[in-house]
Each structure stands twice: as structure tokens, then as C-alpha cells.
Amino acid sequence: MVVNIDRLFSKRATRFRSSEIRELLKVTQIPGMISFAGGLPNPLAFPVDIIHECIEKTFQKDIKQALQYGTTEGLTSLRGVLAERMKKKHHINCELHDILITSGAQQALSLAAICLLDPGDTYLTSVPAYLGAVQAFTAFEANCESIPTNDEGIDTDSLRRNLERLGRTGVLPKFIYTVPTFQNPSGETMSMSHRRELLDIASEYDFLIIEDDPYSELIFEGDPIPPIKSLDTKGRVIYTSTFSKILAPGFRLGWVIASKQILDKLIQAKQATDLCTNSFSQYIAYEYINGGYLDKHVERIKKLYKRKRDLMLKYLKQYFPSGVRWTVPKGGMFIWITLPKNIDTRLMFQKALAKKVAYVIGEAFFPKGGSYNSMRLNFSYSEDELIKEGIKRLSEVIKDELATSYQLDTFPPDGV
Ligand SMILES: Cc1ncc(COP(=O)(O)O)c(C=O)c1O
């Protein structure tokens, strides 16, 4: 008998779609393509030799345990050094039992979705939003409400208006998702006053905050702004971070800090999902932090990424036509570009690929659509000379597009 797979798939599975954007990005593998699309760390910066040493140490000391199943919560020694680090560097009041090690921050988002979202529930996200989070929440059939951002991060006035509007129809959102520091994709950072206000609003309307923080250690200038979690005395914030951007994404190691009630639920959900995070990579990461290597490595990659950001900004200024605006991130990996209104970056994408340069279309970061004239550029991954060449190519594509589609008198007055 032929398998009638359409009958057998769950309703949920039939709604899964491969992200259109990930499909588009497959072409970035084409030889000669300069890709500013992926959110990838620079592989030349991976501390290969020291990781080798940490593996050797693990072999000498703990190899039998490292090859064994671990606890769902994660390796105790790793949680211990992480708790110390989160206290010292990020002012989060936590101990090792407040930490759950996950298979990347992505799993933390997915576990939060399992534990918090029933089909039809509503969550909020600031937009533009990290695509992977929206995918994780959509998988659990939740409704998304987008909240715009401004210079200080989330637009708190709009947030209040939306909460009032939702409240009138009896909708109480479960949580707001936000990347407050060096956001993916905009590179922007939420001010301290907005962090406080967001926590106050969450308390007033009784929803949780999922604070996703992969980038705050990659700070190039200015004073670090403490995470929202550091202000949280009531267990309202679920904080997640990852080794992916500060060490290596191949380890698939992230962590969550949350109240005991929430953490216990996440642990139960994780048990049902994968039993435990990769033990071997947890031992290596422990050796890496315990050996004092992580701080030195972060200092090194901060210098590298700052240089690359400066290079990209320099060439944007040199080559991009007037009428194009961009963010100047003080850390992280991304610059957000806003083009004149009559350019559609989705339509322009194929033309960019023809010139062998790739970006992520801005619309991809808006779950409800919008911002068709924007794009995200990653500056951490490409070699210096490719940053120059890629920006040059992209500027030609934009200029061509402007020449064919643009009436000069439609430039917005503040369009720089
Ligand atoms: C904002 C944000 N959250 C989560 C993730 C997922 O990170 P991980 O590799 O730890 O799963 C990423 C990866 O790019 C990200 O940018």
C-alpha cells in the first residue's frame, strides 16, 4: 500500500514551510559569490589550537564522562563557570542551578515556545525580528504581533497602544521576544531607560520577556548596557545566550537563565526533546572558560569585527549613492540598510546575485511583511578585500536599480 503521507502528517507539520529566505540563501554557496547574508562568525578567528588543547585535556581527565549521556540541566562545572561569568560581566544575579545548558540559543527559544504557547496564543516581538525566533514560535501555531522599534529600541508607546488594543479583544500576550543589544538584524541597542520601561510594562500587563542576547559581548565602543535580566527581581525575564558568536556555532551550546518554575518546565521539555545537550562539547567549553581563554578570545574577535565594521562603513560611505541610510552598530555583526522607497530589495536580489553579491532582504525580518526597501549586511564573515569588492558590486546594483526605477523628485526629504 502506498503511504498516504498527507493523512499521516500532523496539522502542525503540514503548516511548516522551509523559510523562503534560507532557500534564497542556498545560492550564496556559488563559487565567487560574496555573501553578506549569513550571520556567521569569521572562521579564521576560531581558536583551533586552544580548542585542540581543551580536547586533549578532556581526554586526559574526563573522557569517559564526556562520551556518556549527561544530565538534562547540563554539565555542572560548565554551569558553575557560566554563572560566575554572567554575574561578573553581565550583573545577572544567578547561581549554577539557575542555568540550563541548551543545544544553542535556538533550542532555548524552541523550549520556551513548547512551554508557553498553545495554538492561537499571542506573542509580541519587536521588528525587525530574528527570523529563527519567529520560526520557532510559529511552529507552535502562535499569533505574532509586531511592535516597531525606534532609536532607543522598542517603541514603548506603540507597545502600550497595541496592548490596549489587544486587551479590548480579550487577548493577553504570553511574552515579548527581544534582542536588546546589537540586534539581529538591525545592529541597534535598546537604551537602559527603555529596558526598565519594558520590564515595567511587562509587569503591568503580566507577560514574560524573552531576552535573546547572543551579541552583547561583541562590543566595540561605548559602555556596556546591562541585560534586562539584570533588572529582573520577579522572575519575569527568560534570558538566553550562546557560545555560537563568541566561540564556535559548531559546538551547538547555548544557555538559559530563568526562575526555578520556568526552568523546571524547560528542563522537562528538553528531556522530551533531546535528553541532554552534547556532553563532549560541554566538557570542551568548560575547559576553555576555566583555562581563562574565553575573555582573551572575545577581546581578539571584538578587535577583528570592529575593524571589519569600520571597513564596511567606510566603503558604504565611499560607494553607496545618496538616499541610502544605514545603522552604525556599536557591536555585533550586522548593519541594516534602508534604501530609497521605490527600491524593492526582494526584486533587486536576483540582480545582486547576478553580480555575485548577496544580502538578506529586509522583509524577511518582518513576520507580517513590510520594509521592502531594506536589507541586512553581515560584516564579520567576509575577508577585508571582499568587503570592499562586495560593497562596490552592491552599490552598482543599487545605482542601476535607482536609474531604472527612480524619479529624483520622489526622494524623501530626509532620505540620507
Ligand atoms: C538573535 C539570535 N538568537 C539566536 C540565534 C541562534 O543561535 P544558536 O547558534 O546558539 O542556536 C541566533 C543565530 O544567529 C541569533 O542571531
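The values are calculated or read from the model by the stated rules, or taken from the named source; none is laboratory data. From a predicted model like this one, the values you see are computed outputs, not experimental measurements. Glycine also receives a Cβ, built like all others from the backbone with ideal geometry; neighbour counts cover every protein chain displayed. Calculation scope for accessible area: heavy atoms of the full protein, side chains included, ligands and nucleic acids excluded. Shrake-Rupley method; radii C 1.70, N 1.55, O 1.52, S 1.80 Å.
With a 1.4 Å probe and every protein chain left in place, tell me how much accessible area Thr125 has, in Å² to the nearest 10.
Looks like 0 Å² after rounding.
With every protein chain left in place, what is the accessible area of Asp6 in Å² (1.4 Å probe, nearest 10)?
120 Å²
So how do Lys392, Lys399 rank on accessible area, 1.4 Å probe, biggest first, that is with the largest at the start?
Lys399, Lys392
Can you spot the lysines whose alpha carbon is less than 16 Å from Lys392's alpha carbon? Ignore those fewer than 8 places along the same chain.
Lys308, Lys314, Lys317, Lys351, Lys355, Lys356
Can you run phi through the Karplus equation (6.51, -1.76, 1.60; θ = phi - 60°) for segment 37-52 and list ³J(HN,Hα) in whole Hz, with x for Gly and Pro?
Each residue's phi maps through the Karplus curve to give 8, x, x, 9, x, 6, x, 5, 8, 4, x, 4, 5, 5, 4, 4 Hz.
With a 1.4 Å probe and all protein chains left in place, how much accessible area per residue does segment 311-375 have, in Å²?
39 Å²
Share of Cα-Cα pairs in the chain beyond 36 Å, in percent?
Pairs farther apart than 36 Å: 28 percent.
When ligands, DNA and RNA are left out and all protein chains stay put, how many square angstrom of accessible area per residue does segment 131-183 have with a 1.4 Å probe?
42 Å²
What is the sum of charges, Lys and Arg at +1 and Asp and Glu at -1, for the other residues whose Cβ falls under 11 Å from the Cβ of Pro119?
That sum, taken over residues with Cβ under 11 Å, equals 0.
Check which residues have an amide H placed less than 5 Å from Ile176's amide H, if you skip close sequence neighbours.
Leu124, Leu208, Ile209, Ile210
Given a 1.4 Å probe and every protein chain left where it sits, what share in percent of the accessible area of the chain is carbon and sulfur?
54 percent
Can you run the Rg to Rh ratio on segment 278-395? Use alpha carbon positions and the Kirkwood inverse-distance Rh.
That ratio is 1.09, to two decimals.
Would you rank Thr242, Thr404, Thr189, Thr76 by solvent-accessible area, highest first, keeping every protein chain in place and using a 1.4 Å probe?
Listed by decreasing accessible area, they come as Thr404, Thr76, Thr189, Thr242.
Suppose the chain between Glu385 and Arg307 were pulled fully straight at 0.36 nm per residue; how much longer would it get relative to their current alpha carbon spacing?
Stretched fully, the Glu385-Arg307 segment lengthens by 26.8 nm.
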